[in-house]
Amino acid sequence: PLLYRFRVEEGSSGAELDKLSSVTLPAPFSSVQYGRGIAFAEGGQRVLVTYRTPASLLFIDGADVIPDMPQAVVTSVPVGAKPGIVEVAKSGVGGGEIAYVPCYTDDTLWAVDVATATPVAVIPVGAGPYHVSTLVGDELKRAYVTNFLDHTISVVDIDPMSPFYHTHIAEIH
(Lines give C-alpha, C1' and ligand atoms only; values in the text may rest on other atoms or scores of the structure.)
Protein backbone atom coordinates (compact mmCIF):
# COMPACT_ATOMS: atom_id res chain seq x y z
CA PRO A 1 0.00 0.00 0.00
CA LEU A 2 1.07 3.52 -0.77
CA LEU A 3 0.29 6.89 0.72
CA TYR A 4 0.56 9.62 -1.92
CA ARG A 5 1.43 13.27 -1.41
CA PHE A 6 -0.14 15.75 -3.83
CA ARG A 7 0.08 19.48 -4.40
CA VAL A 8 -3.05 21.29 -5.52
CA GLU A 9 -2.28 23.92 -8.14
CA GLU A 10 -4.45 26.29 -10.09
CA GLY A 11 -4.35 25.23 -13.73
CA SER A 12 -5.90 26.61 -16.91
CA SER A 13 -9.04 24.51 -16.39
CA GLY A 14 -9.26 24.86 -12.58
CA ALA A 15 -7.57 23.04 -9.73
CA GLU A 16 -5.10 20.33 -10.75
CA LEU A 17 -3.30 17.70 -8.69
CA ASP A 18 0.45 17.28 -8.99
CA LYS A 19 1.71 14.01 -7.46
CA LEU A 20 4.87 14.85 -5.50
CA SER A 21 5.83 11.54 -3.92
CA SER A 22 4.59 8.41 -2.23
CA VAL A 23 5.27 6.52 0.97
CA THR A 24 5.45 2.74 0.81
CA LEU A 25 4.11 1.45 4.09
CA PRO A 26 6.37 -1.10 5.77
CA ALA A 27 5.39 -4.60 6.91
CA PRO A 28 3.10 -5.42 8.68
CA PHE A 29 1.16 -2.47 7.23
CA SER A 30 1.67 -3.70 3.68
CA SER A 31 -0.78 -6.58 4.21
CA VAL A 32 -4.29 -6.77 2.79
CA GLN A 33 -5.61 -4.45 5.51
CA TYR A 34 -5.84 -0.72 4.96
CA GLY A 35 -5.86 2.66 6.62
CA ARG A 36 -9.14 3.85 8.15
CA GLY A 37 -8.58 7.54 8.86
CA ILE A 38 -6.10 10.31 8.20
CA ALA A 39 -5.30 13.59 9.97
CA PHE A 40 -2.54 16.16 9.89
CA ALA A 41 -0.55 17.51 12.83
CA GLU A 42 2.26 19.96 13.49
CA GLY A 43 1.10 22.24 10.68
CA GLY A 44 1.16 19.41 8.15
CA GLN A 45 4.61 18.18 9.15
CA ARG A 46 3.12 14.94 10.48
CA VAL A 47 0.54 12.71 8.83
CA LEU A 48 -1.37 10.38 11.16
CA VAL A 49 -3.12 7.29 9.76
CA THR A 50 -5.22 4.81 11.71
CA TYR A 51 -4.64 1.25 10.62
CA ARG A 52 -6.98 -1.69 11.23
CA THR A 53 -4.48 -4.59 11.36
CA PRO A 54 -2.36 -4.32 13.33
CA ALA A 55 -4.49 -1.82 15.25
CA SER A 56 -2.20 1.19 15.17
CA LEU A 57 -1.79 4.90 14.72
CA LEU A 58 0.99 5.51 12.17
CA PHE A 59 3.06 8.68 12.40
CA ILE A 60 4.47 9.64 9.00
CA ASP A 61 6.83 12.54 8.39
CA GLY A 62 5.05 14.89 6.03
CA ALA A 63 7.81 17.46 5.67
CA ASP A 64 8.62 18.51 2.11
CA VAL A 65 12.34 18.28 2.87
CA ILE A 66 12.36 14.48 3.25
CA PRO A 67 14.08 13.22 0.07
CA ASP A 68 13.63 9.51 0.78
CA MET A 69 9.91 9.08 1.31
CA PRO A 70 9.97 5.27 1.75
CA GLN A 71 11.75 5.89 5.07
CA ALA A 72 9.19 8.46 6.23
CA VAL A 73 7.21 6.27 8.65
CA VAL A 74 8.46 7.63 11.94
CA THR A 75 6.68 5.27 14.33
CA SER A 76 3.53 3.31 14.98
CA VAL A 77 1.59 3.34 18.23
CA PRO A 78 -0.58 0.33 19.11
CA VAL A 79 -4.18 1.33 19.93
CA GLY A 80 -7.40 -0.55 20.74
CA ALA A 81 -9.14 -2.94 18.39
CA LYS A 82 -10.63 -1.69 15.10
CA PRO A 83 -9.60 1.98 15.21
CA GLY A 84 -11.71 4.39 13.18
CA ILE A 85 -11.25 8.03 12.27
CA VAL A 86 -8.40 10.06 13.82
CA GLU A 87 -8.81 13.69 14.90
CA VAL A 88 -6.05 16.02 16.11
CA ALA A 89 -6.76 18.85 18.57
CA LYS A 90 -4.66 21.33 20.53
CA SER A 91 -5.86 19.89 23.82
CA GLY A 92 -2.66 18.77 25.49
CA VAL A 93 -1.02 20.38 28.49
CA GLY A 94 0.56 23.63 27.32
CA GLY A 95 -1.43 23.58 24.06
CA GLY A 96 0.23 20.49 22.61
CA GLU A 97 -1.55 18.38 20.03
CA ILE A 98 -3.42 15.22 20.99
CA ALA A 99 -4.62 12.64 18.45
CA TYR A 100 -7.99 11.08 19.33
CA VAL A 101 -8.73 7.59 17.98
CA PRO A 102 -12.07 5.82 18.64
CA CYS A 103 -11.68 2.03 18.80
CA TYR A 104 -14.84 0.24 17.69
CA THR A 105 -14.47 -3.16 19.36
CA ASP A 106 -13.01 -1.86 22.65
CA ASP A 107 -15.62 0.92 23.16
CA THR A 108 -12.79 3.33 23.92
CA LEU A 109 -11.36 6.64 22.74
CA TRP A 110 -7.55 6.68 22.75
CA ALA A 111 -5.69 9.95 23.34
CA VAL A 112 -2.15 9.96 21.93
CA ASP A 113 0.32 12.81 22.45
CA VAL A 114 1.52 13.84 18.98
CA ALA A 115 4.90 15.24 20.09
CA THR A 116 5.94 12.06 21.91
CA ALA A 117 3.80 9.47 20.03
CA THR A 118 2.67 8.14 23.41
CA PRO A 119 -0.83 7.18 24.59
CA VAL A 120 -1.88 9.49 27.42
CA ALA A 121 -5.42 8.19 28.07
CA VAL A 122 -7.82 5.41 27.16
CA ILE A 123 -11.34 6.74 27.72
CA PRO A 124 -14.40 4.42 27.93
CA VAL A 125 -17.23 5.64 25.67
CA GLY A 126 -20.42 4.13 24.23
CA ALA A 127 -20.70 0.91 22.21
CA GLY A 128 -19.13 0.82 18.76
CA PRO A 129 -17.36 4.22 18.56
CA TYR A 130 -16.23 5.09 15.06
CA HIS A 131 -16.00 8.83 14.40
CA VAL A 132 -14.70 11.63 16.59
CA SER A 133 -14.91 15.37 16.17
CA THR A 134 -13.40 17.99 18.47
CA LEU A 135 -14.40 21.49 19.47
CA VAL A 136 -11.57 23.53 20.96
CA GLY A 137 -12.38 27.13 21.83
CA ASP A 138 -11.53 29.61 24.56
CA GLU A 139 -14.37 28.48 26.82
CA LEU A 140 -15.14 24.94 25.66
CA LYS A 141 -12.94 21.97 24.81
CA ARG A 142 -14.87 18.81 23.97
CA ALA A 143 -14.61 15.67 21.86
CA TYR A 144 -17.79 14.17 20.41
CA VAL A 145 -17.71 10.46 19.60
CA THR A 146 -20.40 8.76 17.52
CA ASN A 147 -21.32 5.36 18.94
CA PHE A 148 -22.64 3.21 16.11
CA LEU A 149 -24.03 0.35 18.21
CA ASP A 150 -25.61 2.57 20.91
CA HIS A 151 -26.97 5.19 18.49
CA THR A 152 -25.53 7.82 20.83
CA ILE A 153 -22.85 10.49 20.99
CA SER A 154 -20.35 10.46 23.86
CA VAL A 155 -19.09 13.81 25.11
CA VAL A 156 -15.51 13.82 26.43
CA ASP A 157 -13.86 16.71 28.29
CA ILE A 158 -10.55 17.52 26.54
CA ASP A 159 -9.69 20.65 28.55
CA PRO A 160 -6.31 20.01 30.25
CA MET A 161 -7.22 22.57 32.96
CA SER A 162 -10.41 20.69 33.91
CA PRO A 163 -10.58 18.19 36.76
CA PHE A 164 -12.49 15.98 34.29
CA TYR A 165 -9.77 16.05 31.61
CA HIS A 166 -10.05 13.00 29.32
CA THR A 167 -13.27 11.86 31.03
CA HIS A 168 -16.54 10.77 29.41
CA ILE A 169 -18.87 13.44 30.87
CA ALA A 170 -22.17 13.00 28.98
CA GLU A 171 -24.14 10.86 26.54
CA ILE A 172 -26.43 12.35 23.91
CA HIS A 173 -29.34 10.06 22.98
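To the nearest 10 square angstrom, what accessible area does THR75 show with a 1.4 Å probe?
THR75 exposes around 50 Å² with every protein chain in place.
From the backbone phi of segment 132-141, what are the Karplus-calculated ³J(HN,Hα) couplings (6.51 cos²θ - 1.76 cosθ + 1.60, θ = phi - 60°) in whole Hz, Gly and Pro given as x?
9, 9, 10, 10, 10, x, 5, 9, 9, 9
Largest first, how would ILE85, ILE38 line up by accessible area (1.4 Å probe)?
Working: ILE85 35, ILE38 90 Å².
Ranked from most to least accessible, the order is ILE38, ILE85.
Starting from the Cα-Cα distance between LEU135 and ILE169, subtract it from 0.36 nm times their residue separation and give me the gain in nm to one decimal. Show your work: numbers first, answer last.
Working: separation 34, 0.36 × 34 = 12.24 nm, distance 1.47 nm.
In short, 10.8 nm is gained.
Per residue of segment 164-173, in order, report the coupling 6.51 cos²θ - 1.76 cosθ + 1.60 (Karplus, θ = phi - 60°) as ³J(HN,Hα) in whole Hz, putting x for Gly and Pro.
Here the 3J(HN,Hα) series is 9, 3, 6, 10, 6, 10, 7, 10, 9, 9 Hz.
Can you return the lysines within cross-link range of LYS141? Criterion is Cα-Cα under 22 Å, with same-chain partners fewer than 8 residues away left out.
The qualifying lysines are LYS90.
Go through GLU171, GLU139 and list them by solvent-accessible area, largest first, probe radius 1.4 Å.
On the way: GLU171 55, GLU139 170 Å².
Ranked list, largest accessible area first: GLU139, GLU171.
Would you mind checking which residues have amide H under 5 Å from SER21's amide H? H placed 1.01 Å from N; only 5 or more apart, or other chain.
Answer set, sorted by chain and number: ARG5.
Got a number for the accessible area of VAL120? Probe 1.4 Å, square angstrom, nearest 10.
The value for VAL120 is about 80 Å².
For THR167, what accessible area in Å² do you get when you roll a 1.4 Å probe over the heavy atoms of the protein chains, rounding to the nearest 10?
Rounded to the nearest 10, that gives 50 Å².
The values are calculated or read from the model by the stated rules, or taken from the named source; none is laboratory data. Quick caveat: nothing in here was measured; it's all calculated off a predicted structure. For the accessible areas, the whole protein counts, side chains as well, though only heavy atoms, and no ligand, DNA or RNA atoms are used. Shrake-Rupley method; radii C 1.70, N 1.55, O 1.52, S 1.80 Å.
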